[in-house]
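Each remark here refers to the structure printed beneath this line.
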Amino acid sequence: MTSALLYDRLQFAFTATFHYLFPQLTMGLAFLLFYLRSRALVTDDEHYQQVSDFWTRIFALNFGFGVVTGIPLEFQFGTNWARFSNFAGGVIGQTLAMEGVFAFFLESSFLGILLFRKRFSRRMQWFAALILFVGSWLSGYFILATNAWMQHPVAYQVGDDGRVFVNSLTGLLTNPWLFWQFAHNMTAAVVTASCVIAAVGAYYLLSGLYLSHAKTFLRTGVVAGAIASALMIFPTGHGNAKQVFEHQPVKGAAFEGLFTTERGAGLYLVGQPNLETMTIDNPIEIPNALSFLVYKDLYAKVKGLDAFPRDEWPDNLPLLYYAYHIMAGLGTILAAILGLALFSLWHGRLFNMKWLLWLVMLSAPFPYIATSAGWMTAELGRQPWLVYGLLRTAHGTSPLVHSGNALFTLIGFLGLYLLLGLLFVFLLGKTIQHGPGSISSQAPYTA
Amino acid sequence: METLWFIVVTLMLAIFIVLDGFDFGVGMVYPFVVRTEADRRTVLASIGPLWNANEVWLIAAGAVLFFAYPKAYAAGFSGFYLALILVLWLLIFRGLALELRSQVDHVLWKQAWDTAFTTASLLLAFVFGAALGNLIRGVPLNRDGYFFVPFWTDFQPGPEPGILDWFTVLLGLTTVSILAFHGANYLAMKTEGALYKRAVSTAWVMGRVSAGCTVLTVTAVPFVQPSLRLNFAGHPMEYLVPFSGIFALGSSLYLRQRQRDTAAFLSSSAFILLMLASVMFGMYPYILVSTTDPALSLTVFNAATDSYGLTAGFAWFGVGFLLVVAYQSYVYSLFSGKPRSDDAH
């Protein structure tokens, strides 16, 4: 790998992963805030108004960081991946432009109303929350349509000069790959937001602060989180994995660590891929499970890495394998914790179970790690292709941006985002410390 | 269809410069008009709910350029690599400054973000002006349709130019002065009392500076890019556009002096729109002019995607554009009138 290609890849991977820490909470929280504001509007209850205002403050903070870290991604298609932009702009330019026109404007125009909400009636605040919910989910839809096309190109034709052009907009927007990807991604976003809400609730309850708010946070977060984390595993996670084995079998073999083609392939829960011997060290394996999950047949044949030429293997097998196992493992642990919390809530015991509240509080980072690992699975597994089967990553870079420039900006982004991360954590901590039910809820509503 | 999208992209960029331009201008004149914390909060509240949506015009214009002219997007964005990454970093700081200033009640925190807001606004206005200068002057495109320009070479607009040369620096400074004038006009519309007086006197100074800079720039353009003059010579009626632009600047200065705040702001908006329209008329059909060999230039025809993409795109874009204009006007109307200093979020 030439060093410019390496820096280009690292820069995109880093800026995209860092960026996605914010919109996953934005999208999940937009959904839950709409629910909370609807409740506040229908019941005309000051309690729900305070709960909504508290989460709106966190939403706005998070949204701001999401916006400023999101802009570099669109720019980088052109700055660092010029040959890819030239090759595929006729297709993915469509979905990116739709995101700008249909989603970004909507979100940014109505965010101002939530920020300056003291000037507006509850009905208007509810309406702005609805628009932000719609806008952020539309944004997710168009971005995932872009990614789905890179994973599974459809609705295109190759022009005389070798570039690709879209030949059906509806085909592009209803890419079969997109269905499971969107469902899986959005349920995961709801899990993130639910876990954060529940964790803040657990923190307040354990600290003996804002008890009534804390209980509402916990109820909302645990119920939504338990449902969403179950959906995240089945059917959406399962659906995604199945389409990987159908359309990108080499990716599936790589993330499962299946080096050789087998009938009745097992599922590795634990183990380290050894590239010297092409085996898994320290395996803990469920026999026949992989064959069953993919083909509903305990003895079905699953293609291993040996069935594919070496130059089509993803180029970082161990990282891909770990990313997938971290995603699946943490997802399962999260579903278990939230399921247990839901069970306890159902029986009226959750608010007194100190150890479980501790567990809920400390599991707040898990969904972030799981979603980052999930994206690493999807994107590392797509290698060595930038557009699956059509354009290799090595052929997508900018021809005249040399490694010195790419390294300079990579270092710049690392430093800048370190500062951003510190600022965000500091301000988030401050908002949580400040607590719900103060300043803004005491201010008079002018409308 | 290729021409239609050229108009769309330039229109979106022009809307971006007019709308985000006033909040950049507010950022630049900010230290000169505020004295107290209440002043600062009033000024920030005047753009607080609006700047983010204004900035989206840039993002959306970039995305439309991407899908309509992938080749030009690829060439331009990779060729201006350093300048664009710098723009990204500045946009990040500026966005953070506006969002985070009110979050902590400490004088150093507020001073730091005030400085970041002004510095980033100033540098961004300069870079956008210099970028326009680069488009007019041209870039050293190679046979594959790519180029790379460093920040500077010998500061001459020759065949191997840098991003900065005397011409692009002049355009950067002109843009700074015009947007400062435009922003001060906006503030005059949105403030009262002592703050209003300072906004008006700043606008008056910046208005005269921008008139001077504009004259210099308009004189310099035909020497740097003769093809621009050829386009106008071929269609003399098009001279109406830059001349009405100059007229709009004059009337904006006149209205400024008569304290007609809203009319002065609308005139400076019209001035910016008409000057950008003149550049568009002059440049057409070129998107990126080559300084090495004219035959290597990227035009709206050789850089465009195929006709299905352009036609199908127009259907959804038309609907989306009208929707955006409708609800953005609605949100502007919600925040019309003069903000109070306790309006901050």
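The values are calculated or read from the model by the stated rules, or taken from the named source; none is laboratory data. A quick note: this is a predicted structure, and the numbers were derived from the prediction, not measured. Don't worry about glycine lacking a Cβ; one is built from the backbone with ideal geometry, like all the others, and counts go over all protein chains shown. Note: accessible area is taken over every heavy atom of the protein model, side chains too, but ligands, DNA and RNA are not part of it. Shrake-Rupley method; radii C 1.70, N 1.55, O 1.52, S 1.80 Å.
Here are the numbers:
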item: Calculated on alpha-carbon atoms, Rg and Dmax of region A:111-165 in Å; result: 19.2, 58
item: Cα centroid separation - region B:278-321 against region A:147-211, whole Å; result: 32
item: Sequence of A:H247, A:H213 from largest to smallest accessible area, 1.4 Å probe; result: A:H247, A:H213
item: For region A:161-269, radius of gyration divided by Kirkwood radius, i.e. Rg to Rh on alpha-carbons; result: 1.19
item: Amide H within-cut-off set for A:R392, under 5 Å, with H built and near neighbours excluded; result: A:L386
item: Longest to shortest principal axis, alpha-carbon extents of region A:1-105, angstrom; result: 60, 27, 16
item: Shape call, region B:104-251: gyration tensor on alpha carbons, a/c limit 1.5; result: oblate
item: Surface share of carbon and sulfur [accessible, 1.4 angstrom probe, percent] for region A:233-362; result: 64
item: Cα pair distances exceeding 14 angstrom across region B:180-233, given as percent; result: 62
item: Accessible area of region A:240-358 divided out per residue, in Å², using a probe of 1.4 angstrom; result: 52
item: A:I284 accessible area, 1.4 Å probe, all protein chains in place, Å² to nearest 10; result: 90
item: Within 10 Å of each Cβ in A:164-174, the average number of Cβ atoms from other chains; result: 3
item: Chymotrypsin sites (Phe, Trp or Tyr not before Pro) lying in DSSP loop within region B:270-326, provided at most 12 other Cβ fall within 10 Å; result: B:F301
item: Debye log10 I(q)/I(0) for region B:261-314, one point scatterer per Cα, at q = 0.13, 0.14, 0.15, 0.29 Å⁻¹; result: -0.55, -0.61, -0.66, -1.03
item: Residue order for A:T261, B:T214 - accessible surface, 1.4 angstrom probe, largest first; result: A:T261, B:T214
item: Cleavage-rule hits (trypsin sites (Lys or Arg not before Pro)) in region A:245-333: DSSP loop, at most 16 neighbouring Cβ within 10 angstrom; result: A:K296
item: Cβ crowding within 10 Å averaged over residues, with A:264-272, A:337-345 ranked highest first; result: A:337-345, A:264-272
item: Within region A:1-135: Cβ-based charge dipole about Cα centre, in debye rounded to nearest 20 (Lys, Arg +1; Asp, Glu -1); result: 200
item: Farthest positive-ward along the protein assembly as shown dipole, Cα basis, beta-carbon charges - from A:I333, B:A304, B:Y186; result: B:Y186
item: Simple label model, 7 Å out from Cα along Cβ direction - A:L211 to B:L4, nm; result: 6.6
item: Chain A: proportion of alpha-carbon pairs further apart than 40 angstrom, %; result: 23
item: Average beta carbon contacts from partner chains per residue of B:79-91, 10 Å cutoff; result: 6
item: Inter-probe distance in nm under a simple model that places probes 7 Å from Cα toward Cβ, at A:D306 and A:F426; result: 5.7
item: Amide H contacts of A:L267 (H built 1.01 Å from N, under 5 Å, at least 5 apart or other chain); result: A:I286, A:N288, A:A289, A:L290
item: Point-charge dipole on Cβ atoms (K/R +1, D/E -1) for the protein assembly as shown, about Cα centre, debye to 20; result: 2000
item: Vicinal HN-Hα couplings computed from phi for region A:78-87 (Karplus, 6.51 cos²θ - 1.76 cosθ + 1.60; Hz; Gly/Pro x); result: x, 5, 9, 10, 5, 5, 5, 4, 5, 5
item: Debye log10 I(q)/I(0) at q = 0.21 Å⁻¹ for region A:201-327, Cα point scatterers; result: -1.18
item: For region A:1-133, with +1 on Lys and Arg beta carbons and -1 on Asp and Glu, the positive-most of A:F59, A:G78, A:G112 along the dipole; result: A:G112
item: Positive-end residue of A:H238, A:L258, A:N282, charge dipole of region A:227-321 with Cβ unit charges; result: A:H238
item: Percent accessible area from carbon and sulfur atoms, region A:17-80, protein chains only, probe 1.4 Å; result: 67
item: Dipole magnitude of chain A about its Cα centre (Cβ charges: Lys, Arg +1; Asp, Glu -1), debye to nearest 20; result: 1260
item: Restraint check, A:K430/B:K110; B:K110/B:K338; A:K242/A:K296; B:K197/B:K338, Cα-Cα greater than 20 Å; result: B:K110/B:K338
item: Å³ per residue enclosed by the Cα convex hull of the protein assembly as shown; result: 159
item: Surface accessible to a 1.4 Å probe, A:E262 within the full protein complex, Å²; result: 60
item: Equivalent ellipsoid, region A:288-447 (semi-axes from 5 times Cα gyration tensor eigenvalues, Å); result: 40, 31, 13
item: Under 15 Å, Cβ to Cβ, from A:L169 - net charge with Lys/Arg +1 and Asp/Glu -1; result: -2
item: Considering only the protein assembly as shown, percent of DSSP beta bridges that pair antiparallel, nearest 5; result: 90
item: Cα-projected label distance for B:R258 with A:R263, points at 7 Å along beta-carbon direction, nm; result: 9.3
item: Average partner coverage of B:42-51, which counts Cβ from other chains inside 10 Å; result: 2
item: Solvent-accessible area buried by pairing B with A, both sides, nearest 100 square angstrom, 1.4 angstrom probe; result: 6100
item: Gyration tensor (Cα) of region B:15-88, equivalent ellipsoid semi-axes in angstrom; result: 32, 14, 8
item: Surface per residue (accessible, 1.4 Å probe) for region A:1-155, Å²; result: 26
item: Chain B: radius of gyration over Cα atoms, expressed as a fraction of 2.2 N^0.38 Å; result: 1.00
item: Cα coordinate range in region A:310-349, projected on the principal axes (Å, largest first); result: 57, 12, 6
item: In sequence order, calculated HN-Hα J values of region B:79-87 (Karplus, 6.51, -1.76, 1.60; Hz; x Gly/Pro); result: x, 9, 3, 5, 5, 6, 5, 4, 4
item: Radius of gyration and Dmax over the Cα atoms of region A:156-198, both given in Å; result: 17.0, 55
item: Positions from region A:57-84 whose accessible area shrinks by 50 Å² or more when the full protein complex is built, not the chain alone, probe 1.4 Å; result: A:V68, A:I71, A:E74, A:F75, A:T79
